[in-house]
Every structure is written in C-alpha cells, then in structure tokens.
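Here the structure comes first, spelled out in structure tokens, and everything after it is commentary.
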Amino acid sequence: MDYDKLADLLFPDVTDDPDQYESMYPERNLPEGACVTRLGPSPTGFIHLGNLFSAFADERIAHQSGGVFFLRIEDTDDKRFVEGAAETVIRSLDYFGISFDEGAGADGDTGAYGPYHQSERGAIYQAYVKRLVRRGQAYPCFMTEDELAGIRKTQEENKENPGIYGKWARCRDLSYEEVEERIKAGESYVIRLRSDGSNESPKYIKVNDAIRGEISMPENSMDIVILKATGIPTYHFAHVVDDHLMRTTHVVRGEEWLSSLPVHIELFDKMGWKPPVYCHTAHLMKIGENGTKRKLSKRKDPELSLDYYRKDGYHPAAVREYLLMLLNSNFEEWRIANPDIPADEFEFSVSKMSNSGALFDLDKLNDVCKDVLVKIPATELAGFMTKWSEEFKPEALHLFKGQEDYIARILDLGRDGKKPRKDLVCASQIFEFISYFFDEYFRIEEDLPERVSREDAAGILKAYLATYDHSDDQGTWFDKIRDIADEFGYARKPKDFKKNPDDYKGHVGDVSTVIRLAIVGRSQSPDVWEIQQILGKDRTENRIREFETSLERA
Ligand code: GLU
C-alpha cells in the first residue's frame with residue numbers, strides 16, 4: 001500500500017507540514033523545574049467541585065514551581081456545547097481565587113500556545129492525522145454503526161474483549177482502490193489508529209503516575225478512533241496533540257481516564273513525543289445515606305455544584321483551606337504547627353494526594369470555615385457580606401452597603417480575647433446569625449425560660465427599663481440584673497439556686513435570659529451588654545419596652 005497516496009486521498013487539502021508546529025510552539029522558556037498545567041473542561045456549562053479540586057491541584061503545581069496554568073476548552077463534542085463556557089469556568093474558579101495565566105478567556109484567548117478552543121485547532125489535528133496515515137499508523141474505517149453494534153453483540157456473546165482489534169478491525173487492510181471507491185460512493189468513515197499492541201498476549205507497560213506511583217497495565221491493542229467522521233478528533237487524540245504542543249508538563253485528571261492511559265501512551269509513542277507526567281486524581285467521595293462511601297453525584301448532592309458555595313456565601317479562603325486539606329494528607333498537621341500563615345505557603349505535593357478517594361464532608365467544611373473566618377478581619381468580612389448580598393440577597397443589600405463599619409462591629413462581637421467565638425460559617429449563615437441587629441428582621445424567636453412566668457417576665461423588663469443606664473459598665477450593668485433577680489425571688493447566683501432550689505423560683509440566668517430574649521429574640525447570643533452598646537440606647541430601650549408590652553397584652 002502506498003500510504004502517501006492514501007494520505008493525499010484522505011486529506012487532499014491538508015498541506016501543512018506538522019513539523020512547522022514544533023517551531024510555532026517551541027519549548028517554553030521557563031526556569032528549571034517549572035511545571036505547566038492546564039484545565040481542559042468540556043463546555044457543558046456545569047463546573048463542579050471535582051473540577052475545582054483538580055484545578056486547585058493544577059494551580060498549585062504550576063504556581064508553586066513558577067510555571068504556567070492555562071485554560072483549554074475541550075469543545076470537540078458539539079452535542080454538549082454551551083455558550084459562554086470559558087466565561088463560566090473563569091468566573092466560577094475566580095471566586096475561589098484560582099486564576100489562569102493564559103488560555104481561553106472571556107474576551108478571547110491570551111498566550112502564544114493557542115488557539116485554546118479545540119474546535120479552532122482542526123488544521124493542526126488534521127496535519128498530524130495525515131502524517132500518521134502517511135506512516136501507515138492510521139487508516140480509514142468505513143464500518144457503520146450497525147456493523148459496530150453487531151460486533152459488540154458477538155463479542156459479548158462469546159465473552160471476548162470488546163473493541164476493534166485483530167479480526168474485528170475489518171478495514172485495516174483495505175486496498176487503496178477499495179478505499180477510493182468507497183469514498184467516491186459517499187460512504188462515511190472515521191480514522192482509526194493502527195495499534196501495534198497485541199490483544200492475545202499484551203505486553204505490560206509501566207507508567208509513573210505522580211499520585212499513584214508506578215502503574216503497570218496491558219498495552220493498548222485497540223484501533224481506537226482518532227478522527228471522527230465529522231473530521232473532529234476524539235479526546236484521546238486531541239489531548240495528546242494539545243498537551244504536546246502546549247508544552248504541558250503535568251496532566252491532572254480524574255481516575256476515569258486511567259483505563260485509557262495505554263491508548264494515550266501508544267499515541268504519544270507513535271507521535272514520537274514524550275508524554276506528560278500524569279496525575280490521576282481519586283474521585284471525591286462522601287458518606288452516603290446508608291453510611292457507606294460513595295461518589296458525589298450531580299443528581300443527589302447539591303454540594304457538588306460550585307454555585308452552591310457561592311449562593312451560600314462560603315468564603316473562598318475557607319474553601320481553599322478545606323480543599324488543601326482534602327488534597328494533601330499532611331496539610332492539617334502543617335496547619336496545627338503554623339496556625340497563622342497563609343495557606344498558600346504550604347508546600348503542596350502531588351505525591352501526597354490520596355489515590356483512594358478524598359472524603360468530602362460538609363460538616364467538616366463548616367468547621368474549617370469557622371476556624372478560617374475567625375482570623376479574617378471584621379472589616380473585610382463586612383465587605384464580603386456586601387458583595388454576597390449584592391448578588392444573592394439584594395433585598396438586604398441596604399443593610400450592608402455603606403454600613404460596613406456597623407457590620408464590622410457586629411461581626412467582631414466576642415472575637416477578641418483569648419478564646420474568640422468561632423461561630424461564623426458563611427454569608428447566609430452570618431446573615432441569619434446577626435439578623436436581630438436589623439430591626440426589619442428582628443423578632444422574638446423563642447419562648448420564655450420555663451422557670452419564669454409571663455407576669456414575672458413583664459415585671460423584670462419593667463424593672464430593667466427603670467434602672468437602665470446606657471453608660472453603665474458591664475460590671476455595674478450585671479449587678480443591676482442580680483438586684484432584679486433578688487427582687488423577683490430568683491437567686492443572685494446559679495450556685496445558690498443549685499444548693500437550695502426550693503428557696504428560689506430560679507436564678508439570675510433565667511432573669512438575664514428574659515432580657516436577652518427582649519434584645520436578641522433568642523436565648524443564645526454573644527454578650528448582651530456588648531450587643532446593647534452596638535444597638536444604642538434608644539433601640540435597646542425600645543426592644544425592652546416592646547417585649548414588655550407584648551407580654552402584658554397577651
Ligand atoms: N475534557 C476532559 C473532561 O472534561 C478533560 C480531561 C483532561 O483533563 O484531560 O473530562
């Protein structure tokens with residue numbers, strides 16, 4: 001067979017010499033050890049936690065080594081195409097502090113290794129496929145869908161390996177004339193790789209995966225499709241060409257690609273290129289309803305979607321912190337030793353990534369949020385609340401915008417001192433948590449303490465109001481509450497009540513809870529004296545008065 005002639009028959013218009021691409025996209029001029037990584041999302045418009053997880057590893061690998069992290073849109077599957085894909089990816093990741101150095105952008109590509117949309121790289125792929133045909137390493141295949149389905153069925157029935165290889169590769173040895181005739185007859189065809197692997201007695205290949213260590217797998221023996229009938233390449237072929245020409249050094253991708261690794265290794269080999277370092281990440285798992293580990297699912301788990309975190313206003317620094325924890329098993333230990341250092345100073349390493357599935361746990365994330373948020377200055381958090389409400393709670397924007405100083409005072413409540421309160425999780429929770437500071441959201445949410453009658457409560461509030469002096473210091477203020485407790489038959493100190501419960505109706509804690517209910521509407525809150533200082537004299541007195549009147553009215 002004259003493969004040159006076959007190549008010209010299949011690609012009459014492809015005149016590019018693939019070698020030109022080697023000089024168009026030369027080795028990158030980067031310092032020794034610098035890594036080049038990429039995110040290659042399909043433009044489905046859905047970018048999830050798993051993407052963020054690998055993007056974060058990509059970003060760390062590149063930026064920690066002084067390398068480059070770029071975005072390539074893998075839009076070869078037109079069925080799944082969604083408009084504005086690059087924009088969605090960029091916006092979603094940007095929220096979590098992940099940015100690209102080059103690649104597809106909201107307003108076009110940047111960088112010297114583009115185009116960064118696979119759909120715009122047709123000429124490049126075709127030039128390389130033509131070369132493979134010229135070398136006898138790829139061939140046209142005219143098998144129809146029905147024929148392929150028939151083969152699959154027979155293979156299943158005979159318990160043979162599925163796929164196109166050996167006797168099933170029926171178009172492998174067509175003559176030039178036959179190919180020409182079938183093309184003339186308008187038959188559609190794909191281009192398949194002519195694999196050198198053996199299906200009966202495969203050799204084993206060894207690949208060093210940066211996460212999994214040395215992997216040994218049977219070589220590829222399938223004549224896989226590299227160019228579809230539409231002239232568009234498959235993922236296998238496109239990623240090999242792209243990662244070579246874009247000079248990617250590390251490919252971080254999900255473990256679902258592990259089984260096609262031998263295909264990729266054979267393709268790199270046939271192209272005469274060195275494969276990148278593969279890093280196959282384990283799936284994100286969660287403990288499911290029945291207590292066993294399972295993969296996070298798009299259908300069942302809203303927390304898989306990145307929008308979930310933006311809507312609830314998870315602070316990016318907290319999510320980053322938690323992801324690092326999931327990504328590297330030694331992060332937690334490092335954090336304990338270095339409580340105040342920015343997380344980015346932690347030395348991330350691919351080899352410390354789990355190969356058995358990182359366990360994602362929302363409760364744990366929430367705990368991490370509390371630890372991270374307690375260290376973020378209140379003024380910054382106040383700004384964060386404004387930004388969040390702008391997008392996700394516009395009806396409350398007026399409570400935050402321009403009110404940042406007031407909000408910062410609220411957020412700082414109980415955060416100084418040796419044991420700062422750690423109760424801020426995310427913007428939506430913070431909003432609920434501090435909503436009693438906003439008159440339009442304030443309401444009495446709980447019942448009176450069991451030991452306090454309605455009449456007593458009204459009396460306590462009346463007495464409190466009568467002696468209330470906004471300029472009292474905390475000690476004087478509380479002494480007054482003890483006096484009121486006394487007056488109404490409640491012990492001045494809880495321990496007195498504990499000793500002689502029959503002598504009292506309750507203790508000072510019950511009395512202060514009534515006051516707390518009036519001011520905060522809840523029985524749990526930061527320090528009431530401090531809350532009053534922030535509310536101011538008038539609002540404090542009004543709340544006492546209103547609760548008292550409502551108790552009397554009922
Ligand atoms: N387009 C592939 C996907 O969305 C990317 C896999 C890779 O990173 O190589 O799964």
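Below are the figures for this structure:
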| read-out | value |
| --- | --- |
| Test: residue 163 is part of a loop (DSSP other than H, G, I, E, B), over 42 Å from the mean Cα position of the chain (by Cα), under 30 Å from residue 74 (Cβ atoms) and not charged (D, E, K, R) | no |
| Every pair of residues 6+ apart whose Cβ atoms lie under 9 Å, when the first sits in the range 4-20 and is in contact (Cβ under 8 Å) with a residue 60 or more places away in the chain while the second is assigned to a helix (DSSP H, G or I) and of a type in the set (Gly, Ala, Ser) | 11/127; 14/7; 14/123; 14/127; 16/123; 16/127; 17/127; 18/127 |
| The one condition in (1) in a helix (DSSP H, G or I); (2) in contact (Cβ under 8 Å) with a residue 24 or more places away in the chain; (3) more than 25 Å from residue 554 (Cβ to Cβ) that residue 518 fails to fulfil | (3) |
| Answer residue from the range 166-181, given it is among the basic types (Lys, Arg) and assigned to a loop (DSSP other than H, G, I, E, B) and is surrounded by the most Cβ atoms within 10 Å (Cβ to Cβ) among those | 172 |
| Filtered residues of the range 389-447 (kept if among the basic types (Lys, Arg) and in contact (Cβ under 8 Å) with a residue 40 or more places away in the chain) | 409, 415, 421, 422, 443 |
| Members of the range 453-501 found to be touching a Gly at 6+ places or on another chain (Cβ under 8 Å) and basic (Lys, Arg), listed by number | none |
| Tabulated pairs, the range 459-480, first under 14 Å from residue 528 (Cβ atoms) and in contact (Cβ under 8 Å) with a residue 40 or more places away in the chain, second among the aromatic types (Phe, Trp, Tyr) and surrounded by 15 or more Cβ atoms within 10 Å (Cβ to Cβ), C-beta under 8 angstrom, 6+ apart or interchain | 460/488; 461/547; 474/529; 477/529; 478/529 |
| Residue match in the range 313-320 (condition: within 25 Å of residue 206 (Cβ to Cβ) and not in a loop (DSSP other than H, G, I, E, B)) | no |
| Only listed residue being buried (at least 21 other Cβ atoms within 10 Å of the Cβ) and more than 24 Å from the chain's Cα centre (by Cα), chosen from 225, 240, 207, 252 | 240 |
| Single residue of 537, 498 found to be over 16 Å from residue 459 (Cβ atoms), in contact (Cβ under 8 Å) with a residue 60 or more places away in the chain, loosely packed, with under 14 Cβ neighbours inside 10 Å and more than 44 Å from the chain's Cα centre (by Cα) | 537 |
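Just so you know, all these numbers are worked out from the coordinates, no wet-lab data involved. None of the values given here were measured: they were computed from a predicted structure. Here the Cβ is made from the backbone with ideal geometry for all residues, glycine too, and neighbour counts use every protein chain on show.
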